[in-house]
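No value in this document is a laboratory result; all are computed from the given coordinates. The structure displayed is predicted, hence computed values, not measured ones. When we count neighbours, we look across all protein chains shown, and the Cβ atoms used for this are built from the backbone with ideal geometry, even at glycine.
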Amino acid sequence: MNLSEGERLILAMLCDIHKALNLKGAIDPDALKPLILEAGGNGAARGVNGVSGNHRDRTAVATEVSEILDMWSVVERGYKHLSVDEKRDVEAEAGPLGRGVRFSGFDTESEIDYRDIAHVLIEETGQFERFQGRNLDAHMPALAGYRRMLRLYRPMRSVSGDRRLDVRQIIALANAEKYAD
């Protein structure tokens, strides 16, 4: 069966969703995803827009970017639904990053592979519509902060399911982004 680059990328993302939801069944997304990505040529799904390194590295970067975008979608949605007073609390307790909590992208100098993958996922696949049309250049390294946020967010996601993040969770995540361990 011949799959287009877009179809391969969509199938790879479905594997990520299958894994994130901890679905059980005959399909092992960890075994299937590399086969899907290797089935193609050198386009967006396999090379994810020019990411350097080997296939395993590209897949790991694409998975991490997808997790980061998913997390930021939830954070922004939660922030949007806070009251004016709660938004003031976020700003007061999280400083400048608490003002208008918003995904700022990746540094195009040191995190270009991540920015390129984010661009493909947002603009070419349309998977993260919330971020479409945004400038994805953070103008400073952002990945370390996003990784700190992810460590804190993963247990929140598994507990909350579809429930929105509350003001305390958003403050904790904003502070995790700015403060090193």
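Aspartates and glutamates within cross-link reach of LYS19: Cα-Cα under 17 Å, excluding same-chain residues under 8 positions apart? Within the straight-line limit of under 17 Å, LYS19 reaches these aspartates and glutamates: ASP28, ASP30, GLU64, GLU67, ASP70, ASP162. The shape of segment 54-178 can be summarised by an equivalent ellipsoid whose semi-axes, obtained from the alpha carbon gyration tensor, come to 24, 15, 14 Å from longest to shortest.
Percent relative contact order of segment 54-178, based on C-alpha pairs within less than 8 angstrom and at least six residues apart?
The value is 34 percent.
Would you tally the net charge around ILE117, using a Cβ to Cβ cut-off of less than 9 Å, leaving ILE117 out, and scoring K and R as +1, D and E as -1?
-1
Ranked for footprinting exposure by Cβ neighbours inside 10 Å, fewest first, VAL84, VAL65 give VAL84, VAL65. Arranged from fewest to most other beta-carbon atoms within 10 Å of their beta carbon, LEU143, LEU21 become LEU21, LEU143.
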